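These notes are about the structure you will find just below.
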């Protein structure tokens, strides 16, 4: 048996870092944070600006700062977006926890505050979409560029080191066992703790699922979102981006089918994220290398039967798309997708729109996605085109695959403790959040629960 800690945190993403940040601030417990990826100083990814070079451990999905580090960098300052922490806490409590997360993210920079909303233009925008049968959601968003996010995580790491928190990077948690305390196997060693926080991130969701089955922790399916990423000249969405950094446009069909936009990126780029060998597309924003394009995910809700896990379904589909792309994502023009024809690479070079992701293969997504999805996708973007002319242009580009919410959801209490006393589950990988702020708030709540439990206190707020 290796070293013993009061608390071990598996995962150094927003949820794990926030748990360590809060615990080290309010307690004297010994804390270890472990992650399969690298520290922020070592975490570099060529695919953000060039081509994916297939690192053994993907630096987009692993490492200090989590997958959110190389995302589009949006901080959604609405506690009801990206998680369900509001089912446990009232508005004043969630706002206070959100402030703790933003304080952590801005400890070496200016405070994180949203811009003053343009209520008149927001109202006009809502009406314009509502008038054509589309939903439009506005919420406060702050966008951090990659360099700002890197500096933020560097500051968090320094702070935690100063508080005595130990980091163990480039180390995979192989398994969890429980007797009178928790043990985490790393393959070459076994670490023990009294309290275990599992914040595995999306990349660790299937591993977490297997550990929960072994430990008897109940899980349930989240609604799975399947989709693509749509890229276009930013002029098409310019007026919308001046109103909000993350517009949420949605459409519900008569039979209950639901489709929406997700993770809008103005002046950003499409990148590859490697989830255990599965190549997905994502959006990213580099403040020192802005593009002339905008892009957004278009996703559709899939309600799977309980005997099919979201990961099983999505991983099979991702591998299928990747096989068509010869190990890479697939790209196609909107026009070719509508015509059920494969996009020709030479034709792609002739269009005015220059793709920000070149590390992909041309293909025909109509052979991969269902006719049902293609129909809903086409009707949705054509409806948006009525407000944003050019949104459904035939020369716009569709990248695939993309999935969201493939994780199963753990059953937890208000401190995110599972039915196994002393074992806590937080963040995206536990199926409980989507996004940096939501995951961080769960880390804060979890840390307070551990602190109170270890000291025998009871927290009412």
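The values are calculated or read from the model by the stated rules, or taken from the named source; none is laboratory data. The model shown is predicted, which means the values in this text are computed figures rather than measured ones. Neighbour counts run over all protein chains shown; Cβ positions are idealised from the backbone, glycine included.
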Kindly provide the set of residues from the stretch 206-245 that are part of a helix (DSSP H, G or I), outside the structural domain of residue 356 (by TED's automatic domain parsing) and surrounded by fewer than 15 Cβ atoms within 10 Å (Cβ to Cβ), ordered by number. 210, 213, 214
So residue 296, is it modelled with pLDDT of 95 or more, crowded, with 16+ Cβ neighbours inside 10 Å, in contact with a strand residue (DSSP E or B) (Cβ under 9 Å, 6 or more places away or on another chain) and part of a helix (DSSP H, G or I): no
Among the strands (runs of 3 or more DSSP E) confined wholly to the stretch 104-189, which include 1 or more residues that are touching a strand residue (DSSP E or B) at 6+ places or on another chain (Cβ under 8 Å) and at pLDDT 95 or above? 135-137, 166-168, 175-178, 182-185
Report whether or not residue 394 is touching a strand residue (DSSP E or B) at 6+ places or on another chain (Cβ under 8 Å), in a helix (DSSP H, G or I), at negative phi and surrounded by fewer than 20 Cβ atoms within 10 Å (Cβ to Cβ). no
Report whether or not residue 113 is surrounded by 19 or more Cβ atoms within 10 Å (Cβ to Cβ), closer than 17 Å to residue 77 by Cα and either without any contact (Cβ under 8 Å) to a residue 60 or more places away in the chain or touching a helix residue (DSSP H, G or I) at 6+ places or on another chain (Cβ under 9 Å) (or both). no
For the stretch 4-58, how many residues meet the condition of being part of a loop (DSSP other than H, G, I, E, B), surrounded by fewer than 16 Cβ atoms within 10 Å (Cβ to Cβ) and either modelled with pLDDT of 95 or more or on the phi > 0 side of the Ramachandran plot (or both)? 2
Test of understanding: among 319, 332, which residue is touching a residue at least 24 places away in the same chain (Cβ under 8 Å) and surrounded by 16 or more Cβ atoms within 10 Å (Cβ to Cβ)? 332
Restricting the stretch 351-368 to residues that are within 14 Å of residue 329 (Cα to Cα) and out of contact with any helix residue (DSSP H, G or I) (no Cβ under 8 Å at 6 or more places or on another chain), which is modelled with the lowest pLDDT? 358
